[in-house]
Amino acid sequence: METHSYKLPPKPLSEEDTAKIISLIKSKVEIKDRRYNHQTYKNCFIGRDVVNVLLEFGYGENIHEALQICEGLRTQGVIGHVCEDKEFENRKQFYVFESDRKELDQAKTTWQDVLKEEEGKHLCSEEVKDVLDSLSDWPKRNSEMGELLVDKHNREVLDNCRPLNWTNPSSDVKYDMVAIGGGAGGLVSSITAAVSGAKSAIIERNLMGGDCLNTGCVPSKAFIKAAKVAHTCRNASKFGVMFEGEMKIDFARVMERMREVRAEIAEHDSVYKFAKKYGIDMYLGDAKFLNEGEIDVNGQTLKFEKCSIATGGHPYVPDIEGLSDFPYLTSENVFNITEQPNHLVIIGAGPIGCELGQSFARFGTRVTMLSKTNRFLPKEDPDAAAFLHQSLMDDGVNIVFNAEPTKIQVTKSPGKLWNPEAKFEMEININGISETIKGDSILVAAGRRPNVHGLGLEEAGVEYDHTRGVHVDDYCMTTNKDIYAVGDVCSPYQFTHNSDIMAKNAAKNALFSGREKSSEVIMSWCTYTDPELAHIGKYPSEMDKEGIEYDTYKYDISNNDRAICDGVIGLIKIHCQKDTDKILGGTIVGGPAGDMVSQIAQAMYNKVGLSSMGAVVHPYPTYGEAFKALTSQINGRKLAQGAKTVLKTIKKVKV
Ligand SMILES: Cc1cc2nc3c(=O)[nH]c(=O)nc-3n(C[C@H](O)[C@H](O)[C@H](O)COP(=O)(O)OP(=O)(O)OC[C@H]3O[C@@H](n4cnc5c(N)ncnc54)[C@H](O)[C@@H]3O)c2cc1C
């Protein structure tokens, strides 16, 4: 058996021997730049070559002794592995002289090394481009970045998700799977392919992690958490917890914590991780189809057997006179702000508007939310929506229904980027009557549009439109049988977990003749307001349209012992197929609704009926015990029906 690693104590070497061995290695072992997983390691040599040279020149009787010498050199700080602090091995591993490493480290360019003079500044996209263009060693890319707040946390995100010194592979292989987009959909498409042995690539034009990490789930949930803490403190006296003095919000710190959280999570989506751990070829640049089987990135042509379009979406900005003259916020730049808006007008009252609006209000911002329709969250269960509506009003959010902004006039212009010093007047048509409101900040949260523009979809034979996005069938296949699409670019379910499951299904269908259908996925989601509002499966309105008969079981969460302790109110509704316990859908508002809906998801996926959900022993006191109460309802109904049948039979027998 070959001896790879060192098993004996390192051999201490005299200064003279050390010098001789260093000179031997430098003269006899090949030292050069080597590439592994798309990273270049400068001036490195291979462990096994050193062992062979030592043995050849009489340093050690056998591999063990040669390894003892090498480990001696390592522990004396003469040589070391290129990236890990580990014992010397007789393998094809890369090592460097520590003296070279110091020089190399100094030459390495990371985001931590650049933009030093811009620390703390908020740069618009043109300024970011200018800075990047001025860096001589920045590999030019055909894609641009958005606005950037320069600080150490964002630099960490950039070092993970768009490393400055990254070199795209120069491979000319035909990939089994190329994913366009490095968000949830693209990452999961590629991993699913790569772990099955397929040669896989990802092309990302901006930041790995996509919306979820950078401008969506992660920053919004960290922001919401801080707002919840503020709310808890403000209401602490109800629980007998008193503060002396006034509670203060350090908004800059709130936003910094959010950036810290994002930076911590960024490593999960790092370019290096995907390249090294999964062996995926990572390309940074804007992808454009050249034809039905080729894609251009920065002038390089990638060939593919199968492709997964996972380009996501962007905020829809309605065409309102004067809006473009005002530096409005969207989900793409709201997480860059460091000062608190005074009066925030939110155009849109959907989940994103509600989550952010409630949080801003809890920090003390005056929030006006404009809803185009006359109902709050019209797609959701009306009773559940009413709970949330009340809670937003309690937090001071002013929701204006049937309201359409028609004109915005800038009364004080702050420049290109958002600034709380700006002022505007907004004309709004409310129920046919024109009214004017004044504010300093506008958040556009009026829905999303798919990223289909400039992708060359026509050249690839992929049908699409600008509202629905890429057209796919139930198997995620587009009108080109070798091209699939997943996630926000093609689906009405705009959630990270939907991009994830579509990506898995698409990869299986594309590469392994799978028959995974989107229509068979039981979709659930949650709006992370307070109270949380979660839903799974079908709504009654859908079932009514489809002619499905159902029974609805309701539970008032304020009867749950844990909810009473917590001072929580809410509602659970579960819809079962008529006269059975088969769950078709459900809505939960209040308590840990997002986590509770996962229990219903488990039951539905495993075809467990509502009767059995409550048969499980739940720890007391937990919200999950609500399922026991719902089970008693369905069992009670079954018993009543059974009793009726028995009575009927008895009557018949008597007659
Ligand atoms: C404020 C907010 C909060 C949210 N909260 C949640 C939540 O709590 N839970 C949840 O499940 N969902 C949430 N979402 C939705 C979730 O973020 C998205 O559904 C999810 O990120 C979509 O993933 P995706 O891979 O389809 O697209 P994206 O994440 O948008 O990724 C697409 C990627 O493709 C890249 N790209 C686009 N065009 C090209 C091109 N031509 N070449 C190369 N690359 C390209 C983009 O740069 C991007 O990185 C939230 C969204 C927002 C805005």
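The values are calculated or read from the model by the stated rules, or taken from the named source; none is laboratory data. Because the structure is predicted, anything quoted here is derived from the model rather than measured. Cβ placement follows ideal geometry from the backbone for every residue including glycine, while neighbour counts extend to all protein chains displayed.
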Any residue that is more than 22 Å from C565 (Cβ to Cβ), near the ligand (Cβ under 7 Å from one of its atoms) and of a type outside the set (A, V, I, L, M, F, W, C) - is there at least one of those in the range 219-241?
yes
Which numbered condition trips up S143, out of (1) hydroxyl-bearing (S, T, Y); (2) under 18 Å from the mean Cα position of the chain (by Cα); (3) near the ligand (Cβ under 9 Å from one of its atoms)?
(2)
Conditions: (1) surrounded by 16 or more Cβ atoms within 10 Å (Cβ to Cβ); (2) within 29 Å of N509 (Cα to Cα). K277 meets all but one. Number of the miss?
(1)
Residue tally, condition near the ligand (Cβ under 6 Å from one of its atoms) and of a type outside the set (S, T, N, Q), over the range 196-206:
3
Restricting attention to the range 160-195, which residues are more than 13 Å from the ligand (Cβ to nearest atom), touching a Ser or Thr at 6+ places or on another chain (Cβ under 8 Å) and touching a residue at least 60 places away in the same chain (Cβ under 8 Å)?
N160, P163, T167, Y175, D176, M177, A193, A194
Quick check on this structure: which one of M255, M247 is under 21 Å from G364 (Cβ atoms), surrounded by 21 or more Cβ atoms within 10 Å (Cβ to Cβ), more than 14 Å from the ligand (Cβ to nearest atom) and among the hydrophobic types (A, V, I, L, M, F, W, C)?
M255
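Does I295 satisfy being within 24 Å of A184 (Cβ to Cβ), at pLDDT 95 or above and touching a Leu at 6+ places or on another chain (Cβ under 8 Å)?
Values: within 24 Å of A184 (Cβ to Cβ): yes; at pLDDT 95 or above: yes; touching a Leu at 6+ places or on another chain (Cβ under 8 Å): yes.
Yes.
Answer yes or no as to whether E260 is surrounded by 13 or more Cβ atoms within 10 Å (Cβ to Cβ), within 21 Å of M145 (Cβ to Cβ) and within 13 Å of the ligand (Cβ to nearest atom).
no
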I'm trying to understand the selection: among the residues of the range 306-330, which are within 12 Å of the ligand (Cβ to nearest atom), surrounded by fewer than 21 Cβ atoms within 10 Å (Cβ to Cβ) and assigned to a loop (DSSP other than H, G, I, E, B)?
Y316, T330
Residue within the range 229-250 that is in contact (Cβ under 8 Å) with a residue 24 or more places away in the chain, aliphatic (A, V, I, L, M) and closer than 19 Å to N333 by Cβ present:
no
I'd like to verify a number: residues in the range 265-298 that are within 14 Å of the ligand (Cβ to nearest atom) and part of a loop (DSSP other than H, G, I, E, B), how many?
5
Right, N374: free of Cβ contacts under 8 Å to residues at least 40 places away in the same chain and at positive phi or not?
no
Residue that is surrounded by the most Cβ atoms within 10 Å (Cβ to Cβ) [pool: residues in the range 467-496 that are farther than 24 Å from C212 by Cα and free of Cβ contacts under 8 Å to residues at least 24 places away in the same chain]:
T479
Looking at the range 313-325, is at least one residue at pLDDT 95 or above and under 30 Å from S171 (Cα atoms)?
yes
Can you name the residue in the range 100-111 that is modelled with pLDDT of 75 or more and surrounded by 14 or more Cβ atoms within 10 Å (Cβ to Cβ) and, of all such residues, is farthest from H81 (Cα to Cα)?
W111
Suppose the filter is in contact with a helix residue (DSSP H, G or I) (Cβ under 9 Å, 6 or more places away or on another chain), part of a loop (DSSP other than H, G, I, E, B) and within 16 Å of the ligand (Cβ to nearest atom); does V367 pass it?
no
Going through the range 394-434 one residue at a time, which ones are surrounded by fewer than 13 Cβ atoms within 10 Å (Cβ to Cβ) and within 16 Å of N374 (Cβ to Cβ)?
N431, G432, I433
So which residues in the range 449-463 are farther than 17 Å from L290 by Cβ and either modelled with pLDDT under 95 or surrounded by fewer than 19 Cβ atoms within 10 Å (Cβ to Cβ) (or both), if there are any at all?
R449, E463
Within the range 245-252, is even one residue touching an Asp or Glu at 6+ places or on another chain (Cβ under 8 Å), assigned to a helix (DSSP H, G or I) and of a type in the set (A, V, I, L, M, F, W, C)?
yes
Tell me which residues, restricted to the range 497-510, are out of contact with any strand residue (DSSP E or B) (no Cβ under 9 Å at 6 or more places or on another chain) and touching a residue at least 60 places away in the same chain (Cβ under 8 Å).
S499, D500, K504, K508
Run I536 past the list (1) within 16 Å of the ligand (Cβ to nearest atom); (2) β-branched (V, I, T); (3) over 30 Å from K638 (Cα atoms) and report the number of the one that doesn't hold.
(3)
Qualifying residue in the range 208-219 (condition: crowded, with 21+ Cβ neighbours inside 10 Å and of a type in the set (S, T, N, Q))
yes
